[in-house]
Amino acid sequence: MKCHIHRPLAGATAFALMVFAAPAFAEPSGEISSPVVVKGETEFEAIYGRLRGGPDSGEDILRLEASHSVSDRLRLAIRTEIERPPGGPRRLEAVSFEAIYELGRIGGLDVGLYGEYETVLHGADKLEAKLLLERRAGPFDAKLNLIAARPLASGNPLEFGYAASADVEAIGELRLGVAAFGGLGSTDDFLTRADHYVGPVVKTEIEGLGPEIEIEAGYLFALGKAKDDSDGQFRLVVEMEF
């Protein structure tokens, strides 16, 4: 059994928000990470997002990730990002190395820390840190990722963002909920007008095929500054657990 950690949550928050890390507006095709680590678990995940409406209509991104939990606290992963601008060719943009460390249960929340080094093929490499929070109560599950990020290039402010979801069991393996991604400004201009995407999601699981397969689909509406570039984004997540 994992021990509960009773350190002040402020310490974990400070770590996550002071690491210099990617332009941290959380992309709507990004991952909403859980802090819970299960020893020996291997996962393969694909996240696809496609923008519609506005000047960025047709732009899409595909993220492919493989991860393995090497202990009951630590999960390591590698991820690739393949992007296609409107009317342009699809190309590999970045390769990332990630780690999640589960801190334990604090005040009824599962808490973890996330670190990522991203090698960018057409720009500056990046570091990213997240504070991962999750609340599970019966059929209800909610996650919040608080993000701090900055490219490894001088002159860039530290930027902040978030990714969040909440869903509840509806019928059998079918879950209904909402997801949200957005920016919280930077050290130069905190809580400024930023990009936000919010919308409904549907989740389900398929069992009996060997690996457990989880599927999530949704549509996120553009809000705030994001409305200048698109109307929203279709989002599809497929995950296989072994």
Exercise. Provide the per-residue ³J(HN,Hα) series for region 188-199, in order, calculated from phi with Karplus coefficients 6.51, -1.76, 1.60 and θ = phi - 60°, each as a whole number of Hz, with x at glycine and proline positions.
Key: 7, 8, 6, 6, 7, 4, 9, 6, 9, 10, 9, x
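Using helices alone, what [θ] at 222 nm do you get for the chain, with -39,500 (n - 2.57) per DSSP H run of 4 or more residues, divided over all residues and rounded to the nearest 500? Don't skip to the end; give the middle numbers.
On the way: 1 runs with 10 residues, N = 242.
Calculated at 222 nm, the ellipticity per residue is -1000 deg cm²/dmol.
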Quiz item: Over all distinct alpha-carbon pairs, what is the Kirkwood Rh of the chain in angstrom?
Solution: 18.4 Å
Quiz item: In percent, what relative contact order does region 162-208 have, based on Cα pairs under 8 Å that are 6 or more apart in sequence?
Solution: 36 percent
Quiz prompt | Residue-normalised accessible area of the chain, given per residue in Å² at a 1.4 Å probe | solution = 48 Å²
Self-check item: Sulfur and carbon atoms: percent of accessible area, region 111-242 [1.4 Å]
Solution: 60 percent
Self-check item: Reach of Lys227 by Cα under 29 Å, taken over lysines that are not fewer than 8 positions away in the same chain
Solution: Lys126, Lys130, Lys143, Lys203
Exercise. Report Glu216's accessible area, 1.4 Å probe, all protein chains in place, as a number in Å² to the nearest 10.
Key: 30 Å²
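Which whole-number percentage describes the relative contact order of region 103-242, with Cα contacts under 8 Å and a sequence gap of 6 or more?
Values: 336 pairs, mean separation 18.5, N = 140.
This gives 13 percent for region 103-242.
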Self-check item: Given charges at Cβ of Lys, Arg, Asp, Glu: the chain dipole, positive-most of Ala137, Gly58, Val238
Solution: Ala137
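The values are calculated or read from the model by the stated rules, or taken from the named source; none is laboratory data. No experiment lies behind these values; they were computed from the predicted model shown. Here Cβ is always computed from backbone atoms with ideal geometry, including for glycine, and neighbour counts include all displayed protein chains. Note: areas computed on protein heavy atoms with side chains; ligands, DNA, RNA excluded. Shrake-Rupley method; radii C 1.70, N 1.55, O 1.52, S 1.80 Å.
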